[in-house]
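First the structure, in the form of C-alpha cells, and then the observations on it.
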Amino acid sequence: MVSEFIKKGLFIFILVFLAYSLAFASEAKEDEKSVTEKILNILIEKKIINEAQYQELMAQLKEEAKKKEKEVRCGFKKGFYIETQDKSNKIKLAGRLHTDFKSYLGDHPGNSSFFIRRARLTLKGTLYKYYDFKVQSDFAKGNSQLKDGFLNINYIKKFQIKIGQFKTPFSMEELVSGNSLDFMERSLANRLVPSRDIGVMFHGSLFDDAIYYQAGIFNGYRTNESSDKDDGKDGALRLVVAPFKFSNINLLKELRIGGAITYGNEELQAEDWWNKGDFKTAAGTKYLEINDSALQDGERFRKGSELYWSYGPVNFKGEYIHVSLDNLKLNGYNKDVYLHGGYLSLCYNITGEKFIYKNGSPRGIIPKNNFKPDFSSIGAIQIGIRYEFVKADKDLFKYGYVDSSRYTDKIQAITFGINWYLNDMVRFMFNYYHAKFDDDIVVDDQKINDEDVLMSRFQIYFN
C-alpha cells in the first residue's frame, strides 16, 4: 500500500516538475539575455537609437555570440577544466588521495598500519548549460568501484532533478564530502544512514539558501547492483531551514535546523542491508554484527534531526538518528527492533577562518593565507572535539540476532582532532580516538572493553 503511494507520488512529482518548467520557461529566457542586449533594449526604449540601428546591432551581437560559442579555453581552478567561452559546456577532471596511518594503544590486538583510505578520480561537467553530470570511481582497495554516477537537470535552480547513483538525502554529516570532514572519519551514528543509492531526487535552494529541500525515491539496496533485491522502494525527504538568515542577530544568522526521513517496505537479509549489518568504530573495529541470515520483511523507518551553527571561526554541529526495523525474522522469531545514535561536535579555527555552509551542507574552510616554506605564513589551523554514541535494541541480543558473547549493545566515543590546511587543496589531519564499549567485545579472540587509537592523514584533492 505504502509502496504504491510512493510510486504515485513520484509520478505526480514529475508532472509538477514539467508544469513548473513550462511555467517558468519565459522567465528563464528573459534572465538569459546578455548585458549588451539589455542595454540595447534600454536604448531603443529611450529612443536613443532607432529600430534599424537596433536590428543591426542585434545582428552583430548574435554573430559575435556564435563565434564565441565555438571558442574553447582550458585552465586550472582547483581542478583541470575545458570549457566554452559562454561556460554552457564544461568538462573538469577532479580527484583526491587520502593516505592514512593508525596505531592502536593499550592491549588492543589490532596492528598499526599505513593504508590508502580514498583514491578517487572524477569526471564532471555541464552540457548545454542545463545538464550537469558526474562520474566518480574509487581505487583505494586495489580495484575500481563506482561511487557517483548521475545526471542533474537544472532548468530551474530552485527545482532541480537528479537521476542515477548518489547520496540519499539523509544526514548532514553523510552529505559532507570526505575532503571537508572535521575529523578523519564520520561518527558512529553514520553507520545508521543509507549513504549512496540508485534513484531519482528533486532538490533546490530557496530564498538565498534560507531553505534547502531534497526529496527522492531510491532502491533502498546497495550501490553498483544490476537490479534491486526486492520490489520495495525507499522514499527520502530532507528539509533544512536557516530561521535567522535575514535577521539582524549576527550571532544566529548561520544557525540551521533540519530533519530527514527515509521509509520503505523491505524484504532483505542482513547481508543485503545498506551496511551489510555491520557496525564499526572509526578505527574499523566491529562492535556489533547482525546475523547474515536475519531477514527483515517489513517497514524500515529512519528519522533524523540536525543542528548547525557557526559564528566566525567557531562551529557547532549535532545530529540524532533513529532507525526502526519491523518484522525482523530469525530462528522462528519475528521482532520489531531499533537502533539509534548521534553526535555533538565543536570546532575552532585558530587562524580565524570562517566556516562555510552551502546548498544544504557544510563545506571545507579556505585558509586566509597559504602555507609558505619559510613559515612567514602557516596556512590554517583547526582544532575540534566530538562526542558520539550508538545504542541497539536489547531484543537483538535477547533473541539471537546478534551474538551477545562477542558484541555490545552500546558504544560511546570521543575524538580530539587537529587539522592543518597548507592551502585549500592540501591538509594534514591528526586524531586521537577513544571508544568505550558497555560490554566486552571480542577482537581476534581477545576481549576488550575500550579502544584508544592515534590516527593521521595526509590528503590532497582537486575538485
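Out of the residues in segment 204-219 meeting the condition of being touching a residue at least 60 places away in the same chain (Cβ under 8 Å) and not aromatic (Phe, Trp, Tyr), tell me which one is surrounded by the fewest Cβ atoms within 10 Å (Cβ to Cβ). Among residues in segment 204-219 that are touching a residue at least 60 places away in the same chain (Cβ under 8 Å) and not aromatic (Phe, Trp, Tyr), the one surrounded by the fewest Cβ atoms within 10 Å (Cβ to Cβ) is 209. When each of 124, 129 is tested for being modelled with pLDDT of 90 or more, charged (D, E, K, R) and in a strand (DSSP E or B), the lone residue that passes is 124. In segment 375-391, the residue that is nearest to the chain's Cα centre (by Cα) out of those that are more than 21 Å from residue 415 (Cβ to Cβ) and in contact (Cβ under 8 Å) with a residue 24 or more places away in the chain is 379. Residue 280 fulfils the conditions (1) over 14 Å from residue 234 (Cβ atoms); (2) crowded, with 20+ Cβ neighbours inside 10 Å except for a single criterion, (2). Please verify whether residue 249 is hydrophobic (A, V, I, L, M, F, W, C) and farther than 28 Å from residue 399 by Cα, treating the condition exactly as stated. Yes, satisfied. Of all residues in segment 399-420, those that are over 26 Å from residue 181 (Cβ atoms) have Cβ atoms under 8 Å from Cβ atoms of residues that are of a type in the set (Ser, Thr, Tyr) and surrounded by 16 or more Cβ atoms within 10 Å (Cβ to Cβ), 6 or more apart or on another chain, in 407/287.
For residues in segment 91-109 being crowded, with 17+ Cβ neighbours inside 10 Å and of a type outside the set (A, V, I, L, M), which is farthest from residue 452 (Cα to Cα)? That would be 92. Going through (1) at pLDDT 95 or above; (2) more than 24 Å from the chain's Cα centre (by Cα) one by one, residue 258 falls short only on (2). Being closer than 17 Å to residue 177 by Cα, in contact (Cβ under 8 Å) with a residue 12 or more places away in the chain and not polar (S, T, N, Q) is not true of residue 102.
Only residues that are outside any strand (DSSP E or B) and either surrounded by fewer than 14 Cβ atoms within 10 Å (Cβ to Cβ) or of a type in the set (Ser, Thr, Tyr) (or both) were counted across segment 410-453, and they come to 2. Counting just the residues of segment 289-314 that are acidic (Asp, Glu) and crowded, with 17+ Cβ neighbours inside 10 Å, which one comes out modelled with the highest pLDDT? Once the filter is applied, the top-ranked residue is 306.
Restricted to segment 124-171, and to residues that are acidic (Asp, Glu) and without any contact (Cβ under 8 Å) to a residue 40 or more places away in the chain, which residue is surrounded by the fewest Cβ atoms within 10 Å (Cβ to Cβ)? By that ranking, first place goes to 132.
Within segment 112-123, work out how many residues are hydroxyl-bearing (Ser, Thr, Tyr) and either touching a residue at least 24 places away in the same chain (Cβ under 8 Å) or buried (at least 16 other Cβ atoms within 10 Å of the Cβ) (or both). Adding up the residues that qualify gives 1.
The values are calculated or read from the model by the stated rules, or taken from the named source; none is laboratory data. It should be emphasised that the depicted structure is a prediction, and the values quoted were computed from it without experimental measurement. FYI the Cβ positions are ideal-geometry reconstructions off the backbone, even for glycines, and counts take in every protein chain you see.
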